[in-house]
Amino acid sequence: MSEIPAYLRNGYITPEELFKIIPKPSEERLRAKPVAVPECPQEIPCAPCREICPSGAISMPTPNDLPMVDYEKCIGCSLCVQICPGLAFFMVHYVGDRARITMPYELLPVPERGEEVVLLNRVGEPVGRGKVITVVPREKSKGDTPIITVEVPIELAWEVRAVKVERGE
Amino acid sequence: MRLTEHPVLRFDRGKEVTIYFRGQPVKAYEGETIATALHAAGIRVLNYSANEKRPRGLFCAIGKCSSCLMVVNGVPNVRTCITLVEDGMTVEPQHGKAKLPKGAKPPEFKNAKVVKADIVVIGGGPAGLMAAIHAADAGARVVLLDENPMLGGQLVKQTHKFFGKREQFAGVRGVEIAKILEDEARRRENVEIFLETSAVGIFQEGDEKLVLAVRDNRELIEFRGRAVIVATGAMEKMIPFENNDLPGIYGAGAIQTLMNTYGVKPGDRVLIVGAGNVGLILAYQLLQAGVEVKAIVEAMPKIGGYFVHAAKVRRLGIPILTGHTILRAEGREKVERAVVAQLDENWRPIPGTEKVFEVDVIALAVGLRPSIELLHQAGCQIKFVRELSGHVAVRDEWMETTVRGIFVAGDSAGIEEATTAMLEGKVAGIAAALRLGIADEDWLKEMEKAQKDLLEFRSGPFGRHVLEGIKKALAGGVSGE
């Protein structure tokens with residue numbers, strides 16, 4: 001047996017591990033418009049992201065291959081984030097000194113647009129606070145999953161992958 | 001304990017009724033099981049073991065493990081996890097082996113109702129429903145029975161979206177797939193459905209297959225057909241540890257049933273044992289229901305399920321402790337604590353690494369094994385195949401077992417996924433109709449397409465393991481590695 005990858009020991013992947021498997025979008029691309037980044041490092045039989053992508057940006061010769069996004073073809077539409085059954089697709093967009101992270105959110109309560117939420121990293125630790133700038137509710141989602149876009153400090157662009165809604169009584 | 005809000009599910013409860021536990025009224029809703037109503041009322045101990053008088057509670061919640069047997073309206077050995085409440089019902093904890101009430105007259109098979117069809121499908125989960133739908137479309141008269149009160153098998157409690165391709169329902173939640181398949185089966189005039197009906201034996205009588213069954217714990221029925229498709233699913237495995245029978249220790253599926261089918265919280269704080277897909281998905285579903293998950297422990301040095309399922313619970317703060325196992329459960333009459341420890345490379349707990357979790361629920365997600373009892377009884381050749389998670393029936397590529405006319409599909413043919421169960425069901429349904437000379441040869445192409453889809457689905461690292469197992473199940477011969 002080959003060595004067990006760290007992400008399978010830990011249950012989370014670090015950006016360093018991730019970018020050994022897929023390329024990191026260029027700074028220029030990240031500033032141009034949102035770009036889809038799959039955190040799907042394991043060969044599993046799953047293809048809805050490729051099937052839904054309207055610009056043919058996701059290549060995956062068989063459902064068991066990894067999704068590879070052609071960042072130049074990606075139009076930043078977020079359909080892959082909405083449909084992905086593994087909730088493993090995110091979009092990242094650099095705007096000034098902020099980054100906008102689009103992610104699935106399947107818990108209650110769904111945050112509201114403009115609401116400040118706690119930013120969580122891949123191990124669930126709070127790393128700051130950010131504002132939700134877009135919400136696509138479940139009924140409008142093409143994948144039955146609500147998605148949200150949250151604005152975070154740019155240095156947290158590759159850390160924040162979840163949020164916690166905290167509403168004081 | 002009852003859920004009213006959920007990010008994915010809506011709970012439409014039936015009319016309020018009252019059942020009586022030890023003479024005390026318990027509020028219940030029509031359409032829910034006895035065990036569910038008792039659980040919602042905080043009642044965990046359902047019976048006491050025969051010899052040591054140990055308290056026992058719900059474990060599998062799908063009628064397979066007998067951990068929930070109670071005396072209902074005076075009748076013992078009632079599986080309260082699949083028996084629906086009725087207004088005024090009396091329910092008593094059972095003590096060991098209980099006797100039938102004096103003067104009870106069990107029905108006899110000579111008086112049984114007879115139901116005839118071309119194909120009898122046992123099991124209304126993803127495999128059985130797909131088998132019934134396709135056999136019916138191929139021209140067969142089909143009767144389908146399931147011992148649960150609803151169709152859909154384990155799909156009815158899956159809030160996550162399925163993998164695979166979109167034509168195989170990828171991106172659709174399990175609960176939705178269950179509805180789609182149920183609607184498809186119900187709108188076919190040549191599919192007759194019997195719920196709350198347990199098959200208890202398969203026999204050959206002349207040219208006919210005879211499936212004996214019991215409906216609603218009371219009525220005997222003979223199902224007669226020329227082919228039988230066994231799609232009886234799987235049963236949760238158990239692992240040995242101190243106090244592993246304490247009420248509050250559930251199979252993962254039982255928690256899903258309580259929480260996602262009936263909208264009853266299993267408890268407040270949960271430890272999950274096993275980081276395969278079932279354990280990981282369960283953790284996420286518990287979060288969706290607002291239940292705290294303290295940790296997932298996994299004896300293997302790595303996560304066994306899909307990484308993406310691990311990542312989505314990890315980023316919500318649930319620790320996954322690989323290389324750890326549960327040592328014991330503690331508590332009086334129900335779980336109050338779980339003690340876990342780290343394992344060395346020889347799978348022995350490392351002294352000094354014990355951690356105590358204050359939990360009221362321990363979920364065992366330590367794998368499933370195929371439910372093959374009926375196949376075994378019917379005389380099908382059985383073989384142990386590790387990659388398929390237990391004993392399975394030897395079968396051919398048409399899913400036909402070594403007994404002519406008995407087919408198998410889904411988890412009862414080897415533990416895999418609902419997606420493959422559906423495809424296997426399609427293969428078995430068409431194959432049975434072809435074997436009986438009912439389907440014309442165009443159906444062969446449909447079946448071959450399903451076989452091709454199966455092969456494609458199984459072509460990755462997870463599926464290759466299954467393919468190894470299937471090779472063994474196809475080969476027959478003597479059991480061995």
Residue hits (region A:84-118; more than 22 Å from residue B:306 (Cβ to Cβ), within 11 Å of chain B (Cβ to nearest Cβ) and not β-branched (Val, Ile, Thr)) are A:108, A:109
Subset of region A:79-102, residues closer than 16 Å to residue A:33 by Cβ, more than 11 Å from the chain's Cα centre (by Cα) and not in a strand (DSSP E or B), comes to A:79, A:96
Residue B:352 passes all but one of the listed conditions (1) within 14 Å of chain A (Cβ to nearest Cβ); (2) assigned to a loop (DSSP other than H, G, I, E, B); (3) farther than 30 Å from residue B:231 by Cα; (4) at pLDDT 95 or above; the exception is number (1)
Regarding residue B:329, is this residue away from every other protein chain (no Cβ under 12 Å) and surrounded by 17 or more Cβ atoms within 10 Å (Cβ to Cβ)? yes
All conditions in (1) assigned to a helix (DSSP H, G or I); (2) within 14 Å of chain A (Cβ to nearest Cβ); (3) surrounded by 24 or more Cβ atoms within 10 Å (Cβ to Cβ) are true of residue B:129 except (2)
Those residues of region B:148-164 which are within 13 Å of chain A (Cβ to nearest Cβ) and assigned to a helix (DSSP H, G or I) amount to none
Checked pairs for region B:299-314, first more than 7 Å from chain A (Cβ to nearest Cβ), second among the charged types (D, E, K, R), C-beta under 9 Å and 6 or more apart or across chains, list as B:304/B:298
Scanning region A:136-169 for residues that are within 19 Å of residue B:9 (Cβ to Cβ), in contact with a strand residue (DSSP E or B) (Cβ under 7 Å, 6 or more places away or on another chain) and acidic (Asp, Glu) gives A:144
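Residues checked against (1) crowded, with 16+ Cβ neighbours inside 10 Å; (2) more than 23 Å from the chain's Cα centre (by Cα); (3) touching a residue at least 12 places away in the same chain (Cβ under 8 Å); (4) outside the structural domain of residue B:429 (by TED's automatic domain parsing):
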position	(1), (2), (3), (4)
B:196	yes, no, yes, no
B:201	no, no, yes, no
B:211	yes, no, yes, no
B:215	yes, no, yes, no
B:222	yes, yes, yes, no
B:225	yes, yes, yes, no
B:228	yes, no, yes, no
If we ask which residues in region B:24-61 are part of a strand (DSSP E or B), out of contact with any Gly (no Cβ under 6 Å at 6 or more places or on another chain) and touching a residue at least 12 places away in the same chain (Cβ under 8 Å), their number turns out to be 8
Residues of region A:37-83 being in contact (Cβ under 8 Å) with a residue 60 or more places away in the chain, within 23 Å of residue A:137 (Cβ to Cβ), within 11 Å of chain B (Cβ to nearest Cβ) and not β-branched (Val, Ile, Thr), in sequence order, are A:48, A:79, A:82
Within region A:26-36, residues being within 13 Å of the chain's Cα centre (by Cα) and either surrounded by fewer than 14 Cβ atoms within 10 Å (Cβ to Cβ) or touching a residue at least 60 places away in the same chain (Cβ under 8 Å) (or both) number 1
Given (1) without any contact (Cβ under 8 Å) to a residue 60 or more places away in the chain; (2) assigned by TED's automatic domain parsing to the domain that holds residue B:207; (3) in a loop (DSSP other than H, G, I, E, B); (4) more than 20 Å from residue B:195 (Cα to Cα), residue B:167 misses just (3)
Open item on the list: Quick check on residue B:383: is it assigned to a strand (DSSP E or B) and touching a residue at least 60 places away in the same chain (Cβ under 8 Å)?
Closed with: yes
Flagged in region A:103-140 as within 16 Å of residue B:7 (Cα to Cα) and more than 15 Å from the chain's Cα centre (by Cα), in numbering order, are A:107, A:108, A:109, A:110, A:111, A:112, A:137, A:138, A:139, A:140
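The values are calculated or read from the model by the stated rules, or taken from the named source; none is laboratory data. Everything numeric here is computed off the predicted structure, so don't read it as measured data. Quick reminder, even Gly has a Cβ in these numbers, built from the backbone with ideal geometry, and neighbours come from all protein chains shown.
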